[in-house]
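Here, each number is a calculation from the coordinates, and none is a lab measurement. In this text, all values refer to a predicted model and were calculated from it rather than measured experimentally. For neighbour counting, all protein chains shown are included, and Cβ atoms are generated from backbone atoms with ideal geometry for every residue, glycine included.
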Amino acid sequence: MDTATTKLTAKSYKSEIKPVWCPGCGDYAVLSAITKALAEMRIAPETIATISGIGCSSRIPAYLNTYGFHGVHGRALPLAIGLKLSRPDLTVLVAGGDGDGFSIGGNHFLHACRRNVDLTYIVMDNQVYGMTKGQASPTTEADWLRSKLTPGGPRINPFHPLVIALASGANFIARASGADPNGTAKILVEAIAHPGFSFVQILSPCVTYRPEQREWKKTARPAADTHTSDIAQAARWLLKDDNLNVGVLYLGDREPFTPPSQDTIEVSELEQEFVL
Ligand SMILES: Cc1ncc(C[n+]2csc(CCOP(=O)(O)OP(=O)(O)O)c2C)c(N)n1
Ligand code: SF4
């Protein structure tokens, strides 16, 4: 790895492995934005760990020249939290899809927001399960009729990840559009630099199962009202949000979680407490 941080460029953060994503998949642009952000911040690659679950988007650690762990579906966050607590010196990125993060991993998402450990969670949201061939995900619209796998559409209201993040205590909340890798990189720089749990939803089209998402390139727009630290204002803004506003929504000032420093206790000693 190139450790001379002055010489770092976006390319320094790309691995030799060629992505196997479909041509035109939005995740290419997210990969590019992450490498641009890391180069901008000049973070030494060997001090970064990228943790993911399972899905097309969760393949991303393999394509980055950082340490990485391609884990279990929906379990990237607890893994990353454990890593950050035991190695606070590392920059920890967590990345994956809306299925991975909000369906099977939904409960971990709530509690990661609450716990507020200092890491950055990037969700490549394509409102579908890409890897398993196009099932509806928690962010799929109730009236999405394209898939034969959900006849009549999902018919349930989609989960709003930014609302959930705000309500659950995330310390930084943003939406980016993969169609704008430079803008996404800027948002990622802010997210990584902000202390505590930073959540970035990136609109990342699945061109295979949701080709209509190519339109996001034209319809995503800069949010009018950004960078507030006022949680009530952020909540009001979100009530009007239609999923296409892009920008940093909320900057909290909660202290990141750190484990209490205490003397270790022997298991045999602990067991004594439970002897009847
Ligand atoms: C425990 C478990 N359940 C289900 C699966 C099957 N599975 C693999 S990826 C995936 C969903 C992927 O969707 P998403 O996280 O949105 O990522 P995308 O492929 O769209 O990037 C599912 C259900 C699995 N691998 N493990
Ligand atoms: S199936 Fe969709 S999410 Fe998966 S690589 Fe192809 S375009 Fe991307």
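What to note about this one:
- Neighbour count of at most 14 Cβ within 10 Å plus DSSP loop: longest trypsin sites (Lys or Arg not before Pro)-free window in the chain: 43-132
- Diffusion coefficient, µm² s⁻¹, Stokes-Einstein with Kirkwood Rh over alpha-carbon pairs of the range 145-271 at 4 °C and 1.567 mPa s: 76 µm²/s
- In the chain, the ratio of gyration radius to Kirkwood radius, Rg to Rh, stands at 0.99 when only Cα atoms are counted.
- When the alpha carbon gyration tensor of the range 133-218 is reduced to an equivalent ellipsoid, the three semi-axes, largest first, read 28, 17, 8 Å.
- In the range 1-135, inverting the average of 1/r over every pair of distinct C-alpha atoms gives 15.0 Å as the Kirkwood radius.
- Distribution of pairwise C-alpha distances over the range 77-166, 5 Å bins, in %: 3, 14, 23, 21, 15, 11, 7, 4, 2, 1
- Filtered GluC sites (Glu not before Pro), the range 220-276: DSSP coil and at most 11 other beta carbons within 10 Å: 266, 273
- Summary value for the range 163-211: 43 percent relative contact order, contacts being C-alpha pairs under 8 angstrom separated by 6+ residues.
- With Cα atoms as the point set, the range 78-119 shows a radius of gyration and Dmax of 10.5, 30 Å.
- Put the Cα centre of the range 137-155 next to the Cα centre of the range 11-74 and the gap is 29 Å.
- Over every Cα atom in the range 78-237, the radius of gyration and the widest Cα-Cα span, Dmax, amount to 15.9, 49 Å.
- MRE, 222 nm, helices only [DSSP H, n ≥ 4, -39500 (n - 2.57), over the chain, to nearest 500]: -8000 deg cm²/dmol
- Percentage relative contact order, the range 40-123, counting C-alpha pairs under 8 Å, at least six apart: 31 percent
- Prolate/oblate/rounded call for the range 11-67, Cα gyration tensor, a/c under 1.5 rounded: prolate
- Relative contact order of the chain, pairs being alpha-carbon contacts under 8 Å that are 6 or more residues apart, as %: 17 percent
- Hz values of 3J(HN,Hα) by residue in the range 96-104 - Karplus curve (6.51, -1.76, 1.60), Gly and Pro given as x: x, x, 5, x, 4, x, 10, 9, 4
- The range 1-106: GluC sites (Glu not before Pro) falling in loop per DSSP and having at most 11 other Cβ within 10 Å: 16
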